[in-house]
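**Q** Quick one: this structure, given as structure tokens, is what I'll be asking you about.
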Amino acid sequence: MRGAPARRGVTAGRVLSAESTKLVSVPAHVWLALGTVVVAAVTAYGLGLFVRPGDARSGSWVVTSGFVLAQVGFLVLGAVVGSGEHTTGTARATFTAVPRRLPVLGAQTVVVAAAALVTAAAGLGASWVATAGVRAGGGPAVDLAVPGTARALAGFVLASVAVALLGLGLGALLRRPADAIVGGIVLAVVGDHLLAANPGPVTDTVRALLPSAGARLLQDDAALAALDDATRGPQLGTGGGGLVVAVWVVVVLAAAAYRLGRHDVR
Amino acid sequence: MTATTATPRAVEGLSATRRPAFARVLASEWTKLVSLRSPWWTAAVTVVVGGVITFLSAQASSGDPGFEPVDSLSSGLMLAQLGPLVLGVLVGAGEFRTGAFRSTYTTVPRRWPVLVAQSLAVAGFALGTAVLTTVASVVGILPAAASRDLPVDLTAGDAPALVLGMVLFLVGLALLGHALGALLRRTVPALVTALILVMILPIALLMASDPLVAGGDPASLAAPDPAAAPTVVGTLNVLLPGTAGGLLTTSASSGPMDGSPDLGPVGGGLVLAAWIVVLLAAAAVRLRTRDVR
Amino acid sequence: MIEVEALSKRYGSTTAVDGLTFTARPGTVTGFLGPNGAGKSTTMRVVVGLERATSGRATVDGRRFADLPAPLHAVGVMLDARSVHPGRTAYAHLLAMARTHGIGKARVREVLAQTGLESAARRRAGTFSLGMGQRLGIAGALLGDPATLILDEPVNGLDPDGVLWVRRLVRELAAEGRTVLLSSHLMHELALCADRVVIIGRGRLLADAPVQEIVDRTGSGSLEEAYLQLTTDAVEYRTDAASGGAR
């Protein structure tokens, strides 16, 4: 405590180190991350097969199109880390070692974000390689001069991290993986597509406020402009989608922190 | 407590040297299902979501010039379908996740009757849920119909087939979930597989066929040529269990989806049934040939 | 030292612990007894901060558990052998716990050796038998070399060798001046290793005294008889056979 060399006790750095050990020491987490990389690349390759010259898809769309399936992997990773403490009983060991509890959730947020970042970067790289043939063979090329292209590529990584953190928050809040996964899929993927079937001022507004708006991070400037032209709800512009999903992540994690701090751990 | 009272009866049953008759296995699976809390919650959420979304959707379209209340009837199922699917997965995988199978398979060592009985129990529970969800959907379209003074006649035209199709669709999804759960034996992998098959892959295939879904707004799309020949993407999509099952909730006269072969409601139902049979058979094979831990 | 003062814990309308007061002192093994559902585990969980007391307080070395700067060094806890992710190895589980306090890998290996789990250290906890899970739980409790130990049913599922080992271990720990609070349903085992027993029923204190004193006071021949006599009216779940015998 007073700068003694062998400091005893819990520190934020030590909790972070413990949580990273916990994340990588469960084989299912590692397989899930590898599977997510493969799914991103295979999906991008598969969708690339249907790209025809002149059908308005950009090069960045081709590379990042695997997100539609890969986001499920990120969501599940977050959800199993968040709920795993409670479903496996690890919570008893974890929260007797760190009885203040909130540092654990904070550390989990950091390690899940880091794991999602690395996984998404690998997925993006794998998708780049997988779609190289499509892009070279008459499909749209990735041209960083096209406005928003670099942002769209980085957006793949950011949106993946956001979905993983949403999963973590839902898992820690609901404490059961099935609930967190179903809830996350509805919020981040399915809800948007259901509402899209009934376009209107109300449904378009709701769509803009769902975490699925985070997928806008993957669009270049032209695609964002097309989205904003078509909507009858609020126009989110360049940063709006990212902001919406960031607010969701913060709110859900805050709710999870509240439950963790106030309620009993079984 | 239960054990002490149940033991003498079990001994009597065994003294007659009878194997557990299938009806008893079925009764036991039914008791196990309805004594859990999650099926009831899932069913309640399904009915409420089905009714509410149908109501909102009918209200939203009631202003359209050609509004036909019955057309909105199945709109709530787009979300409510998750309920039976999740219910099936939880029951199918729950047996292994909770360790309940140890008592199940020592009671009925031949195992596969358990799987069939469990499937029937899930179907029965889902049937009740499906009927209530359909009733809630009918109630959901009534205010919109009344606001336009339009009659709701469920006995005319395609309506009876549509109502039946909705019920069968929901029951089918519960059975699909159950088969996946029993095959994969773990809740999270089974749930993720079910959600990807039923909800996510159709969206991914939509992206393949439709350049604007990811980067644009579907509403702004020009209506595709209805006479277009079936495409690879459309064919793959209609062979997915969720999309095929969804055909049950369309009327036979509405024609095929864009780029898909015209299976019709019956064909769609058969595709879904084929998925269930194949997955359940795989689960039965795994049950026979692999150890139960 | 564990001090429980007027502790109550209610879940909705049911009262699990009702105004319980007792102290577990350093240098002694305190046995914690009571019928199923008496509130033993709830009390232990409140002491280690997993659950919040409805009223009253529980402290370790004079502090609330959540206020301890280094909980693993102050209190070793084993509440339930199934407190491990089944996909994680025994070594990784202990290492993750150790890292929260900056405890080194050498100490992790030490407790694995001490609990006889060296050969199973790289196996996933999901493949462990009940007894091995129990040993892993005890290893986690010993990790921080704590001055106080709280062990819920530590001999549950252990082989005779393991039971003997736990008996010696808790005696040694107490001889070193540590506080040990240990719950068990095995009366003979407790009679051998506990100095004092705290008996509760329906969340209330029934007895808190040295083992011999309780045996003498109830005029019974053994701790088991004394326990059955004390808890007659406090048993929640009783089979026909047992209640017939008691009446």
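**Q** Tell me, please, whether a residue that is over 24 Å from A:E19 (Cβ atoms) and open to solvent by 50 Å² or more (accessible area, probe 1.4 Å) can be found in region C:128-144.
**A** Looking through region C:128-144, at least one residue is over 24 Å from A:E19 (Cβ atoms) and open to solvent by 50 Å² or more (accessible area, probe 1.4 Å).
**Q** Moving on to the next point. Six or more apart or on different chains, Cβ atoms under 8 Å: show the pairs whose first residue is in region C:197-220 and touching a residue at least 12 places away in the same chain (Cβ under 8 Å) and whose second is of a type in the set (F, W, Y).
**A** C:V197/C:F32; C:V198/C:F22; C:V198/C:F32; C:I199/C:Y227; C:I200/C:F32; C:L205/C:F22; C:D208/C:F22
**Q** Report whether or not A:A152 is touching a residue at least 40 places away in the same chain (Cβ under 8 Å), buried (at least 22 other Cβ atoms within 10 Å of the Cβ) and in contact with a Lys or Arg (Cβ under 8 Å, 6 or more places away or on another chain).
**A** Values: touching a residue at least 40 places away in the same chain (Cβ under 8 Å): yes; buried (at least 22 other Cβ atoms within 10 Å of the Cβ): yes; in contact with a Lys or Arg (Cβ under 8 Å, 6 or more places away or on another chain): no.
Here the answer is no, as A:A152 does not meet what is asked.
**Q** Please find, among B:A208, B:A219, the residue that is over 29 Å from B:V116 (Cα atoms), modelled with pLDDT under 80 and not β-branched (V, I, T). Quick ask: steps written out before the conclusion?
**A** Values: B:A208 fails: modelled with pLDDT under 80.
From the options B:A208, B:A219, the qualifying one is B:A219.
**Q** Here is a further query. From the list C:A98, C:A66, exactly one residue is at pLDDT 95 or above, in a helix (DSSP H, G or I) and over 30 Å from C:A226 (Cβ atoms). Which is it? Write out each step before concluding.
**A** Values: C:A66 fails: at pLDDT 95 or above.
It is C:A98.
**Q** Within region A:20-71, can you find the residues that are among the basic types (K, R), closer than 23 Å to A:L165 by Cα and at pLDDT below 95?
**A** none
A quick yes/no check of all residues on (1) at the interface with another protein chain (Cβ under 9 Å from one of its Cβ atoms); (2) open to solvent by less than 10 Å² (accessible area, probe 1.4 Å); (3) in contact (Cβ under 8 Å) with a residue 40 or more places away in the chain; (4) closer than 30 Å to C:V75 by Cα:
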site: A:A91; (1), (2), (3), (4): yes, yes, yes, yes
site: A:V98; (1), (2), (3), (4): yes, yes, yes, yes
site: A:V111; (1), (2), (3), (4): no, no, yes, yes
site: A:A115; (1), (2), (3), (4): no, no, yes, no
site: A:L124; (1), (2), (3), (4): no, no, yes, no
site: A:V129; (1), (2), (3), (4): no, no, yes, no
site: A:A132; (1), (2), (3), (4): no, no, no, no
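**Q** Can you spot a residue in region A:198-211 that is assigned to a helix (DSSP H, G or I), among the acidic types (D, E), surrounded by fewer than 22 Cβ atoms within 10 Å (Cβ to Cβ) and touching a helix residue (DSSP H, G or I) at 6+ places or on another chain (Cβ under 6 Å)? So that I can check it myself, show each step before the final result.
**A** Keep residues of region A:198-211 that are assigned to a helix (DSSP H, G or I), which gives A:201-209, A:211.
Now narrow it down to the ones that are among the acidic types (D, E): A:204.
Subsequent filtering for residues that are surrounded by fewer than 22 Cβ atoms within 10 Å (Cβ to Cβ) retains A:204.
Filter once more, so that each one left must be touching a helix residue (DSSP H, G or I) at 6+ places or on another chain (Cβ under 6 Å): none.
No.
**Q** With respect to C:G87, is the statement that it is in a loop (DSSP other than H, G, I, E, B), within 9 Å of chain A (Cβ to nearest Cβ) and touching a residue at least 24 places away in the same chain (Cβ under 8 Å) true?
**A** Yes.
**Q** State all residues of region A:183-197 that are open to solvent by less than 30 Å² (accessible area, probe 1.4 Å) and at the interface with chain B (Cβ under 7 Å from one of its Cβ atoms); if no residue qualifies, say none.
**A** Those that are open to solvent by less than 30 Å² (accessible area, probe 1.4 Å) and at the interface with chain B (Cβ under 7 Å from one of its Cβ atoms): A:I185, A:V189, A:V190, A:A196.
**Q** Being open to solvent by 50 Å² or more (accessible area, probe 1.4 Å), in a strand (DSSP E or B) and in contact (Cβ under 8 Å) with a residue 12 or more places away in the chain narrows it down to one residue among C:T59, C:T23, C:T15; which is it?
**A** Details: C:T59 fails: open to solvent by 50 Å² or more (accessible area, probe 1.4 Å); C:T23 fails: open to solvent by 50 Å² or more (accessible area, probe 1.4 Å).
None of the others qualify; the one that does is C:T15.
**Q** Please state which one of C:R122, C:R204, C:R217 is within 21 Å of C:R82 (Cα to Cα) and among the basic types (K, R).
**A** Values: C:R204 fails: within 21 Å of C:R82 (Cα to Cα); C:R217 fails: within 21 Å of C:R82 (Cα to Cα).
Sole residue among the options that is within 21 Å of C:R82 (Cα to Cα) and among the basic types (K, R): C:R122.
**Q** Can you tell me which residues in region B:176-192 are within 10 Å of chain A (Cβ to nearest Cβ) and open to solvent by 10 Å² or more (accessible area, probe 1.4 Å)? Explain how you work it out, then say what you get.
**A** Going through region B:176-192, the residues within 10 Å of chain A (Cβ to nearest Cβ) turn out to be B:186-192.
Matches in region B:176-192: B:R186, B:T187, B:V188, B:P189, B:V192.
**Q** Still on this structure: What do you reckon, is C:G137 over 24 Å from C:G37 (Cβ atoms) and in contact (Cβ under 8 Å) with a residue 24 or more places away in the chain? Walk me through how you get there before you give the answer.
**A** Details: over 24 Å from C:G37 (Cβ atoms): no; in contact (Cβ under 8 Å) with a residue 24 or more places away in the chain: yes.
For C:G137, the condition - over 24 Å from C:G37 (Cβ atoms) and in contact (Cβ under 8 Å) with a residue 24 or more places away in the chain - is not met.
The values are calculated or read from the model by the stated rules, or taken from the named source; none is laboratory data. Please read these numbers as outputs of a predicted model, since none were measured by experiment. Quick reminder, even Gly has a Cβ in these numbers, built from the backbone with ideal geometry, and neighbours come from all protein chains shown. Accessible surface areas use protein heavy atoms only, side chains included; no ligands, DNA or RNA. Shrake-Rupley method; radii C 1.70, N 1.55, O 1.52, S 1.80 Å.
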